[in-house]
Structures are given as structure tokens and as C-alpha cells.
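*Asks:* First the structure, which I've put down as C-alpha cells, then a few questions once you've had a look.
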Amino acid sequence: MLRSCTGHLRTLGALCRLPLVGWRLSGREPRPALRSFSSEEVILKDYSVPNPSWNKDLRLLFYQFMKKCEDDSWKRLPSYKRTPTERIQDFKTRFLDPKLMKEEQVSQAQLFTRSFDDGLGFEYMMFYNDVEKRMVCLFQGGSYLEGPPGFIHGGAIATVLDATVGMCAMMAGGIVMTANLTINCKRPIPLCSVVMINSQLDKVEGKKFFVSCNVQSVDEKTLYSEATSLFIKLNPAKSLT
């Protein structure tokens, strides 16, 4: 899966290192964006801040990590439904064959993990420690992610894992693509519960970035899944097609 620098994270996001300081908790941040049909300023909503669907466990963890951000050892990554227009143009220039996707399709695209209404799908936020090369994702799976009755679908778990380890690799290496992702499921995750996804960059070999992660309960007593992954750093001079 292709990684660029937006949202999360990336998963599946933007094309450059995010400015991670000074983000307002109001959830909205004005950013200029180039449009072919208008010069108006676009207001992007940050979805990695509390909303009424978050349960108390998710809110508590969020504020615990925000506290860790005060000394700049950790950074919260903002997350949007869409990639800013100027970054889309940058990506198209570098990688995207215009024959594969029309301008209208690009302009209407939304990040998959942010395409559900609040509380129904993926509720998550990511925090990154640059010194330790660690990414922590706090995740609450909504009712539209059900697989077995009362539990989160395995594909939804794989999605948020891929987004987390991919963002970890992206923060360390720039634009990357998933080469493989191996998940060992230990037990199912209850629907609408909160888990912590702890991700770590293990090693770098040239263009290869090796990342591992685990999924634990809030009290860290239950291990739900473990995963290992390999990402390849992309060369902007080469096309993906």
C-alpha cells in the first residue's frame, strides 16, 4: 500500500514530513490549498482530536499522550479526510499516470480510514517519538467494522495496523510502499473497544524499512495481535506504473 505524508496516517497521507507542532485542538486548521477552479482557502478538519463518539478510555489515553507531547519527546500527528490539493499535485507530478485516474476522481478521493461518520468506523490518532522511532496509535473500532458478531473485522484490524506501521516507516524514511505485512492474531478485538497499537522501526537496509508492532488492551494485560512489515522507500524519479 502506498504511503504519502497525510492523514494518518498514511495511513495513506501526504508527501512530506508533517509540521507536528502548534496544532490547535479545535480540530480545524486553515491551510492554503491550490485549486484549479478557485483560489479560496480550504479549511481542513483534523480528525485526530476528541469528538462525542470517543469513549472514556480513548479520551484518557489521548490526554495522557498529549501530556507527553509537552516536552516535545512525542508529537501528535494531525489527520484529515483528504490530502491537501498542493500535495496531490506534487504526488501526481512524481508518480501518478494521468491515464489511470482523472482529475475529478482525484479531487473526490477521501482517506479510507476517515470516510465513516464519527463513531461508526475508525476512530484513531497517532503519536510519534522521533528519537525512539516509535509510533503509537490509539484506536477505537466502531459498529460499522463488525466481523464476527460483537468483534472487529480482521480486515479492519489489518487496515489500521498497515496505517500505523506505514506511518512509522514514512516518518523515518519519507514516501514508502508496503511490500509485505504479516499479522499474527492472538484473539479477537471486541467491537467499540479501545486498543493501543505500539509500532517500532526495527532496522533500515538501504531502501528497506522493517517495522514491527503489537496490539494491546488499554491496561496492557491482553495481547490481541502482533505484526511485522517491510516497506520500500520510493524513488521520486521513477514512475509506479
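The values are calculated or read from the model by the stated rules, or taken from the named source; none is laboratory data. Here the structure is a predicted model, which is why all the values come from computation and not from measurement. All Cβ positions, glycine included, derive from the backbone under ideal geometry; neighbour counts span all protein chains shown. What goes into the accessible areas is simple: the full protein's heavy atoms, side chains included, and nothing from ligands, DNA or RNA. Shrake-Rupley method; radii C 1.70, N 1.55, O 1.52, S 1.80 Å.
*Asks:* Hey, any hits in the range 109-122 for a residue that's open to solvent by 70 Å² or more (accessible area, probe 1.4 Å), at pLDDT below 95 and touching a Lys or Arg at 6+ places or on another chain (Cβ under 9 Å)?
*Replies:* Checked the range 109-122: at least one residue is open to solvent by 70 Å² or more (accessible area, probe 1.4 Å), at pLDDT below 95 and touching a Lys or Arg at 6+ places or on another chain (Cβ under 9 Å).
*Asks:* Quick test for you: out of Thr85, Thr93, pick the one residue that is surrounded by 14 or more Cβ atoms within 10 Å (Cβ to Cβ), farther than 26 Å from Leu201 by Cβ and either modelled with pLDDT of 90 or more or not aliphatic (A, V, I, L, M) (or both). I'd like the intermediate steps shown before the answer.
*Replies:* Working: Thr93 fails: surrounded by 14 or more Cβ atoms within 10 Å (Cβ to Cβ).
The conditions single out Thr85.
*Asks:* A further question on this structure: So Lys99 ticks every box in (1) modelled with pLDDT under 90; (2) on the phi > 0 side of the Ramachandran plot but one. Which box is left unticked?
*Replies:* With (1) modelled with pLDDT under 90; (2) on the phi > 0 side of the Ramachandran plot applied to Lys99, the lone miss is (2).
*Asks:* Next question, about the same structure. Pull up the range 189-209, narrow it to residues that are in a loop (DSSP other than H, G, I, E, B) and of a type outside the set (Lys, Arg), then point me to the one that is nearest to Leu61 (Cα to Cα). Spell out how you get there, then give the answer.
*Replies:* Pass one, the range 189-209, residues in a loop (DSSP other than H, G, I, E, B): 189, 191-193, 206-207.
Cutting the leftovers down to of a type outside the set (Lys, Arg) gives us 189, 191-193, 206.
Working: Ile189: 18, Leu191: 18, Cys192: 15, Ser193: 13, Gly206: 35 Å.
This residue is Ser193.
*Asks:* If you check Cys213 against the conditions, is it surrounded by fewer than 16 Cβ atoms within 10 Å (Cβ to Cβ) and either of a type in the set (Ser, Thr, Tyr) or at negative phi (or both)? It would help to see each step written out before you state the result.
*Replies:* Working: surrounded by fewer than 16 Cβ atoms within 10 Å (Cβ to Cβ): no; either of a type in the set (Ser, Thr, Tyr) or at negative phi (or both): yes.
It is false that Cys213 is surrounded by fewer than 16 Cβ atoms within 10 Å (Cβ to Cβ) and either of a type in the set (Ser, Thr, Tyr) or at negative phi (or both).
*Asks:* Give all pairs with beta carbons closer than 6 Å in which a residue from the range 166-183 that is assigned to a loop (DSSP other than H, G, I, E, B) meets a residue that is at pLDDT below 95 and of a type in the set (Val, Ile, Thr); count only pairs at least 6 apart in sequence or on separate chains.
*Replies:* Taking only residues 6 or more apart or on different chains, not a single pair turns up.
*Asks:* Go through the range 190-224 and count every residue that is β-branched (Val, Ile, Thr) and more than 19 Å from the chain's Cα centre (by Cα). First the steps, then the outcome.
*Replies:* Initial filter on the range 190-224 (β-branched (Val, Ile, Thr)): 194-195, 197, 204, 211, 215, 218, 222.
Adding the requirement that they be more than 19 Å from the chain's Cα centre (by Cα) leaves 204, 218, 222.
So the count comes out to 3.
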